[in-house]
Each structure stands twice: as C-alpha cells, then as structure tokens.
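The values are calculated or read from the model by the stated rules, or taken from the named source; none is laboratory data. Because the structure is predicted, anything quoted here is derived from the model rather than measured. Because the Cβ atoms are built from the backbone with ideal geometry, glycine has one as well, and the counts that use them run over all protein chains shown.
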C-alpha cells in the first residue's frame, strides 16, 4: 500500500531505510485490517508529496510477520495508525491516530521545526 513518495519497509530493511537514513524519517505503523490506517493512506501520500525534500516517509505493516511486530513492540507502538519520527536513528516525535490533512501537515511541520537542530547536527547517542 505504498506509493511513489511512501515506501514500504520491513524488519529486514528497517536499519538501512530508517535508522541509517541521513534525513528525517516518518514511519507509519499500520496494517490492512485497520480502517483508520486505510483512511490515513491518501492523507499521508498528500503530505509526503509536500515534504518530499525534507523527510522520508515509510510504512511498516505490523501484522505482515513476527519480525515487523517486534519492531513495532520495540518502539512502543500500542495502536495503529501510529507515526513515529526518526532523526539519525532516534525517535524524536510521535502521532497516534488518524489526522485530517491540514492537521497532519501542521503536526509534521511542528515536529520537524522542534527538532531542526537534531535534524541538522544529529549525532548518535
């Protein structure tokens, strides 16, 4: 269920695509039986297009396999949809639940702005 601006990741590709990425990564933890996740897909696509130069957008299907579930558990995902913001491998923000486009855009902007220094000068803890 990914698009040109939102790629699918798995536990196998997690480290390379999320933790080692040089730009901020916004991860949508979702699954196909989650109606709010499906409602969020076009909203996420629209917002990802607007922020394509500033952040990478990815989706992790938490029910696809045991390994993906473990990634979600490791990062404290308790419900779907949950979006986590990563900067140089560190979680720097979270949005839980569906958001309409304007509200999601505002929250993405706020998190990216709040962590501007991290995003510019991040070092591994």
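Scanning the stretch 26-55 for residues that are touching a helix residue (DSSP H, G or I) at 6+ places or on another chain (Cβ under 8 Å) and more than 17 Å from residue 102 (Cβ to Cβ) yields 27, 28, 29, 30, 31, 32, 54, 55. Sub-7 Å Cβ pairs linking a first residue in the stretch 28-41 that is at negative phi to a second residue that is at pLDDT below 95, at least 6 apart or interchain, are 41/1, ordered by first then second residue. When the stretch 1-25 is filtered for residues that are crowded, with 20+ Cβ neighbours inside 10 Å and farther than 18 Å from residue 72 by Cβ, only 24 remains. Among the residues of the stretch 8-25, those that are out of contact with any helix residue (DSSP H, G or I) (no Cβ under 7 Å at 6 or more places or on another chain) and closer than 24 Å to residue 113 by Cα comprise 17, 18, 19, 20, 21, 22, 23.
Only residues that are touching a helix residue (DSSP H, G or I) at 6+ places or on another chain (Cβ under 8 Å) and touching a residue at least 24 places away in the same chain (Cβ under 8 Å): list them for the stretch 84-99, please. Give the derivation first.
Here is the first cut: in the stretch 84-99, the residues touching a helix residue (DSSP H, G or I) at 6+ places or on another chain (Cβ under 8 Å) are 85-90, 92-93, 95, 97-99.
Result: 85, 86, 87, 88, 89, 90, 92, 97, 98, 99.
Each residue in the stretch 26-35 was checked for being exposed (fewer than 14 other Cβ atoms within 10 Å of the Cβ) and out of contact with any strand residue (DSSP E or B) (no Cβ under 9 Å at 6 or more places or on another chain), and 2 of them qualify.
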